[in-house]
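In what follows, a structure is listed as structure tokens, so that the remarks can point back to it.
The values are calculated or read from the model by the stated rules, or taken from the named source; none is laboratory data. Keep in mind that this is a model prediction, so the values were computed, not measured. FYI the Cβ positions are ideal-geometry reconstructions off the backbone, even for glycines, and counts take in every protein chain you see. Remember, those area values only see protein heavy atoms, side chains included, never the ligands or the DNA or RNA. Shrake-Rupley method; radii C 1.70, N 1.55, O 1.52, S 1.80 Å.
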Amino acid sequence: MTAPALHTFNALDPEVALTTLLRICESPVWARALVAARPYPAPAALLERADRELEALSGAEFARALAGHPRIGDRTGGAMSRREQSGLAHADSATRTELRRLNERYEQRHGQVYLVDAAGRSATELLAILTARIDNDTATEHAIARRELGAINRKRLFALLTGENAPDLRGADRS
């Protein structure tokens, strides 16, 4: 990440910064907290603050953040979601049908959308993850979804600061 990009982010008008961050994560509480904490001395400070603010979100505000994510396999959502789910582009109809079926079952069981950091993953891998997670208890799924959203947010923030596609951060401590 380059210092000039962080400098530009730090200098944005607060409303522009807020709108920009809401494209990354649809929680106004999260976005406002990140805007209020500027300036950031280094990109790592922004990423760490983003993680802390995500952890601090209430259940209702976290649900609001999740609502900004389409179901895995849906062809809806913004450009970022479509890019992140690009591994589904060549999924066969049986895989798509099973993803739809299990997405609905997951939502009925856990009361939230199945969220996974889909970037760089194939449809088969995403289906396998969903199958492995669907029978978890709801508290476990809420914790996993929070970690997955953190990983997605970090990648999106990285892309914001670099103008590049974010690296795979799944192996990092906070993903």
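Screening the range 43-94 for residues that are outside any helix (DSSP H, G or I) and modelled with pLDDT of 90 or more and picking the one that is surrounded by the fewest Cβ atoms within 10 Å (Cβ to Cβ) gives S58. Residues in the range 36-54 that are out of contact with any Asp or Glu (no Cβ under 9 Å at 6 or more places or on another chain) and hydrophobic (A, V, I, L, M, F, W, C) were compared, and the one that is farthest from K155 (Cα to Cα) is A36.
Among residues of the range 37-62 that are within 14 Å of L21 (Cα to Cα), those with a Cβ under 9 angstrom from a residue that is basic (K, R) and outside any helix (DSSP H, G or I), sequence gap 6+ or separate chain, pair up as L46/R38; L47/R174; D51/R174.
I need a count of the residues in the range 35-53 that are in contact with a Gly (Cβ under 9 Å, 6 or more places away or on another chain) and among the charged types (D, E, K, R). Going through the range 35-53 one residue at a time, the tally reaches 1.
The single condition among (1) assigned to a loop (DSSP other than H, G, I, E, B); (2) at pLDDT below 95; (3) more than 14 Å from the chain's Cα centre (by Cα) that V113 does not meet is (3). Would you check which residues across the range 120-153 are surrounded by fewer than 15 Cβ atoms within 10 Å (Cβ to Cβ) and part of a helix (DSSP H, G or I) and list them? T124, E125, A128, T131, A132, T138, A139, T140, A143 - these are the residues of the range 120-153 that are surrounded by fewer than 15 Cβ atoms within 10 Å (Cβ to Cβ) and part of a helix (DSSP H, G or I). Just name the residue that is modelled with the lowest pLDDT out of those in the range 1-42 that are closer than 21 Å to H69 by Cβ, open to solvent by less than 40 Å² (accessible area, probe 1.4 Å) and over 14 Å from the mean Cα position of the chain (by Cα). By that ranking, first place goes to T20.
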